[in-house]
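Right, one structure below, let's go through it.
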């Protein structure tokens, strides 16, 4: 089951650039939350702060509080522990090219020393079904490598890999931006189904996508969160003029 | 429906600075631009392209020609010894120029053992250096360390040999040797008198010499692994070492084997430094302390004093043996790479 995420006065820097400025918000459990905004507004940095990937860059720094369920992720746990609880799907599909499809899906489990064959087999089937990839690959799970799939299939494989560890939160950084419309709609369907089980945070450039999959939407602009509300409200009756300008396409 | 609606009726056309009619009329009235005239006058360029391809083919063929030429000369010049000893030459132990008894086995053995031992020492070290530089090193230290490793490769081998004679040999004799006897004596690899010169000393100096090649190539290969692979592993909750193992080493394993092979190639053929510390004794030693001999060092040591046609011919056959050893070792390595990577393409998207 997913958990709530509570963010309080989160600030992040790359070198001397203040990429995130005093972000406060509450992301409800078992819902999909979309983050929109023009390129470079800090929305990717924001999701990368939620699983502490931000700090893997040597120039990067973050302060503030992020509470996931009962845990303050910057205080109570190591980055490794956090990332075991939080799955992430990146903008460009990044399956492991030297592993079979099967090994790709269970890589997160194997990494942490999980060895039970029967459960591994079940996990592969469940995750690939959740990622709507099972029917396409079930006959060559161990024969084909992760790199031999098409771009859209690779991204669904990455989603399967992320959900295989049964995370509490699933972060998606523009998961469909490199994909064709058919793959995109498959991934949107997927998000729609997955949010029953996980807290999903999805960064997107595509406002229709945000409207289709997310209950709540946050609008970011130059490192600040301008507005956070239900998706319906954001797209029909935004409070802030800048949000309205962005969603009507007047800038960005 | 009689006519399809024009796109303009569906989507308002963007405001053009100049209307389309004006654009086309401007085109037809004026002369083609200088750039267009120049490009149109350029012809098909087919000849240049074919010429380039032929030239590159010639370069590629020269490799085959050189290898073939060396092989033919080695066989021709060693035909006396080939006729006298036949294939027995490669398995025979004994090297007595005075009585005309020649066998290459001690040299083949010395070459293989010293090179493989050198790899055993150098590869873990080189991987460690490469991992440190690409994954762990603070950015300020990166350039100096890389520069120093490359500098090691530029030192002439005779200098390594001198250093080994004055520094490594005493250490081997007085400190490292007794230590190995005390703690690893049970392996029976470290027996007999230890004078400081011998197979192990040669292997250590070889390891130092091939370290820079392997580590700088490995470093380049690891740096070429896309960051998205590292992030993929980290996001699954990997520790730094697990990230390096799965995200970096696994993706660059073919390149690493290639780097190791280049190092091995250098170790097999290395002459000067080895000659100075291996002891130059044509026997098959059972202890790593015992002096040995390599194919390359026996040629370097004895070529100038080889009196008699059979002696000279035997030395050239030693060269042939070195040539064959190098080819066989490389072939085995290729086979290993092929066996490991079969079925799993190493492409990184």
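The values are calculated or read from the model by the stated rules, or taken from the named source; none is laboratory data. Since the model is a prediction, treat every value here as computed from it, not as a measurement. FYI the Cβ positions are ideal-geometry reconstructions off the backbone, even for glycines, and counts take in every protein chain you see.
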### Task
Name the one entry in B:237, B:265, B:258 that is at positive phi and either surrounded by fewer than 22 Cβ atoms within 10 Å (Cβ to Cβ) or outside any helix (DSSP H, G or I) (or both).
B:237
### Residues of the range A:66-89 satisfying the condition of being facing chain B (nearest Cβ under 7 Å), outside any strand (DSSP E or B) and crowded, with 22+ Cβ neighbours inside 10 Å
A:83
### Query
Among B:245, B:250, which is free of Cβ contacts under 8 Å to residues at least 12 places away in the same chain, within 14 Å of another protein chain (Cβ to nearest Cβ) and surrounded by 17 or more Cβ atoms within 10 Å (Cβ to Cβ)?
B:250
### Message
Can you tell me which of (1) out of contact with any strand residue (DSSP E or B) (no Cβ under 8 Å at 6 or more places or on another chain); (2) within 11 Å of chain B (Cβ to nearest Cβ); (3) within 27 Å of residue A:145 (Cβ to Cβ) is the one residue A:102 doesn't meet?
### Response
(2)
### Message
Go through (1) in contact with a helix residue (DSSP H, G or I) (Cβ under 7 Å, 6 or more places away or on another chain); (2) surrounded by fewer than 17 Cβ atoms within 10 Å (Cβ to Cβ); (3) away from every other protein chain (no Cβ under 13 Å) for residue A:118 and report which single condition fails.
### Response
(1)
### Message
If I go through the range A:34-45 residue by residue, how many of them are surrounded by 17 or more Cβ atoms within 10 Å (Cβ to Cβ) and in contact with a helix residue (DSSP H, G or I) (Cβ under 9 Å, 6 or more places away or on another chain)?
### Response
5
### Query
How many residues are surrounded by fewer than 18 Cβ atoms within 10 Å (Cβ to Cβ) and farther than 15 Å from residue A:226 by Cα when one looks only at the range A:19-30?
3
### Message
All but one of (1) without any contact (Cβ under 8 Å) to a residue 24 or more places away in the chain; (2) under 30 Å from residue A:103 (Cβ atoms); (3) more than 10 Å from chain A (Cβ to nearest Cβ) hold for residue B:255; state the number of the condition that does not hold.
### Response
(1)
### Selected residue [modelled with pLDDT of 90 or more, in contact with a helix residue (DSSP H, G or I) (Cβ under 8 Å, 6 or more places away or on another chain), closer than 19 Å to residue B:329 by Cβ and surrounded by fewer than 19 Cβ atoms within 10 Å (Cβ to Cβ)] from B:112, B:119
B:112
### Given (1) touching a strand residue (DSSP E or B) at 6+ places or on another chain (Cβ under 8 Å); (2) away from chain A (no Cβ under 14 Å), number of the condition residue B:235 does not satisfy
(2)
## Note on the structure
Taking the range B:88-109 and keeping residues out of contact with any helix residue (DSSP H, G or I) (no Cβ under 8 Å at 6 or more places or on another chain) and closer than 23 Å to residue B:269 by Cβ leaves B:106, B:109
### Query
Residues B:202, B:193: which one is within 15 Å of residue B:114 (Cβ to Cβ), away from chain A (no Cβ under 14 Å) and either out of contact with any strand residue (DSSP E or B) (no Cβ under 7 Å at 6 or more places or on another chain) or surrounded by 19 or more Cβ atoms within 10 Å (Cβ to Cβ) (or both)?
B:202
### Task
Can you work out which of the residues in the range A:1-18 that are modelled with pLDDT of 90 or more and surrounded by 20 or more Cβ atoms within 10 Å (Cβ to Cβ) is nearest to residue A:170 (Cα to Cα)?
A:5
### Message
Tell me yes or no: at least one residue of the range B:130-138 is closer than 30 Å to residue B:296 by Cα and at pLDDT 90 or above.
### Response
yes
### Task
Can you work out which of the residues in the range A:162-192 that are within 17 Å of residue A:126 (Cα to Cα) and touching a strand residue (DSSP E or B) at 6+ places or on another chain (Cβ under 8 Å) is surrounded by the most Cβ atoms within 10 Å (Cβ to Cβ)?
A:162
### Message
Given (1) modelled with pLDDT under 90; (2) under 29 Å from residue A:37 (Cα atoms), identify the lone condition not met by residue A:156.
### Response
(1)
### Task
For residue A:126, indicate whether it is farther than 17 Å from residue A:160 by Cβ and either away from chain B (no Cβ under 13 Å) or at pLDDT 90 or above (or both).
no
### Query
Among B:270, B:283, which is the only one that is touching a residue at least 40 places away in the same chain (Cβ under 8 Å) and within 26 Å of the chain's Cα centre (by Cα)?
B:270
### Task
Residues that are within 14 Å of chain B (Cβ to nearest Cβ): find the strands (runs of 3 or more DSSP E) completely inside the range A:129-221 holding 3 or more of those.
A:169-173
#### Entry: Scan of the range A:50-65 for residues that are surrounded by 19 or more Cβ atoms within 10 Å (Cβ to Cβ) and within 7 Å of chain B (Cβ to nearest Cβ), ordered by number
A:51, A:53
